[in-house]
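Colleague: A single structure is presented below for examination.
The values are calculated or read from the model by the stated rules, or taken from the named source; none is laboratory data. Quantities reported herein were computed from a predicted structural model and do not represent experimental measurements. Because the Cβ atoms are built from the backbone with ideal geometry, glycine has one as well, and the counts that use them run over all protein chains shown. Surface accessibility is based on the protein's heavy atoms, side chains included, excluding ligands, DNA and RNA. Shrake-Rupley method; radii C 1.70, N 1.55, O 1.52, S 1.80 Å.
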Amino acid sequence: QAQLAESGGGSVQPGGSLTLSCITSSNDFVFGRADMGWYRQAPGKQREMVATFSSGGRIIYDDSVKGRFTISRDNAKEMLYLQMNNLEPADTGVYYCRATTIMYAQEFNYWGRGTQVTVSS
């Protein structure tokens, strides 16, 4: 069973920084072969992609976070990170870690429980 656990959320003022971490533990997938990503859900809104880091090294950011957020991964430690700088109130939400794998021609997605990020003055 796959387990993903996010940490590092908190409350900061606009312009502040936070670093999120996601630790994975799974017998269902090999971390280094999984596409990883950070997603967030603001109150009353749908969950949206923030940044993804494929197993092949491709990185994609949502336009709203380009130049402010940096996604990284450590395959040896099976960890995913999100460095968030110059935070804005619009960044407020619950941040989720996701792992995506392909097995037997099927896509499997695994989610953590999320960590709250609040940006407010």
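Colleague: For Gly56, indicate whether it is at positive phi and open to solvent by 30 Å² or more (accessible area, probe 1.4 Å). Even if it seems obvious, please write down each step before you answer.
Modeller: Working: at positive phi: no; open to solvent by 30 Å² or more (accessible area, probe 1.4 Å): yes.
In short, no.
Colleague: Only strands (runs of 3 or more DSSP E) wholly contained in segment 64-121 count here; list those with 2 or more residues that are farther than 14 Å from Thr52 by Cα.
Modeller: Filter on segment 64-121 gives 93-103, 106-111, 115-119.
Colleague: Among the numbered criteria (1) without any contact (Cβ under 8 Å) to a residue 24 or more places away in the chain; (2) surrounded by 14 or more Cβ atoms within 10 Å (Cβ to Cβ), which single criterion is violated by Asn85?
Modeller: (1)
Colleague: Which members of segment 20-53 meet the condition of being in a strand (DSSP E or B) and exposed (fewer than 15 other Cβ atoms within 10 Å of the Cβ)?
Modeller: Ser25, Gln41, Glu48, Met49
Colleague: Do any residues in segment 91-107 that are over 25 Å from Ala42 (Cβ atoms) have Cβ atoms under 7 Å from those of residues that are in a strand (DSSP E or B), where the two are at least six apart or on different chains, and which pairs are they?
Modeller: Thr101/Phe108; Glu107/Thr100
Colleague: Scan segment 1-14 and report the pairs whose first residue is open to solvent by 50 Å² or more (accessible area, probe 1.4 Å) and whose second residue is assigned to a strand (DSSP E or B) and small (Gly, Ala, Ser), with Cβ atoms within less than 6 Å and a gap of 6+ or a chain change.
Modeller: Gln3/Ser25; Ser7/Ser21
Colleague: Let me ask something additional. Which of (1) in contact with an Asp or Glu (Cβ under 6 Å, 6 or more places away or on another chain); (2) free of Cβ contacts under 8 Å to residues at least 40 places away in the same chain does Arg68 not meet, given it meets every other one?
Modeller: For Arg68, the exception is condition (1).
Colleague: Got a number for residues in segment 21-60 being in contact (Cβ under 8 Å) with a residue 40 or more places away in the chain and not hydrophobic (A, V, I, L, M, F, W, C)?
Modeller: Selection size over segment 21-60: 15.
Colleague: Here's a follow-up. Quick one: in segment 95-121, which of the residues that are more than 27 Å from Gly56 (Cβ to Cβ) and surrounded by 19 or more Cβ atoms within 10 Å (Cβ to Cβ) is nearest to the chain's Cα centre (by Cα)? It would help to see each step written out before you state the result.
Modeller: Going residue by residue through segment 95-121, those that are more than 27 Å from Gly56 (Cβ to Cβ) are 113, 116-121.
Next, only the ones that are surrounded by 19 or more Cβ atoms within 10 Å (Cβ to Cβ) stay: 117, 119.
Values: Val117: 12, Val119: 17 Å.
It comes out as Val117.
Colleague: Just to be sure I understand, how many residues within segment 1-19 are part of a strand (DSSP E or B) and in contact with a Phe, Trp or Tyr (Cβ under 7 Å, 6 or more places away or on another chain)? Steps first, answer last, please.
Modeller: Filtering segment 1-19 down to residues part of a strand (DSSP E or B) leaves 3-7, 10-12, 18-19.
Next cut, in contact with a Phe, Trp or Tyr (Cβ under 7 Å, 6 or more places away or on another chain) only: 4, 6, 19.
Here the count works out to 3.
Colleague: Taking segment 1-41 only, how many residues are touching a helix residue (DSSP H, G or I) at 6+ places or on another chain (Cβ under 8 Å) and at pLDDT below 95?
Modeller: First, pick out the residues of segment 1-41 that are touching a helix residue (DSSP H, G or I) at 6+ places or on another chain (Cβ under 8 Å): 14, 24, 40.
Next, from what is left, pick out any that are at pLDDT below 95: 24.
Adding up the residues that qualify gives 1.
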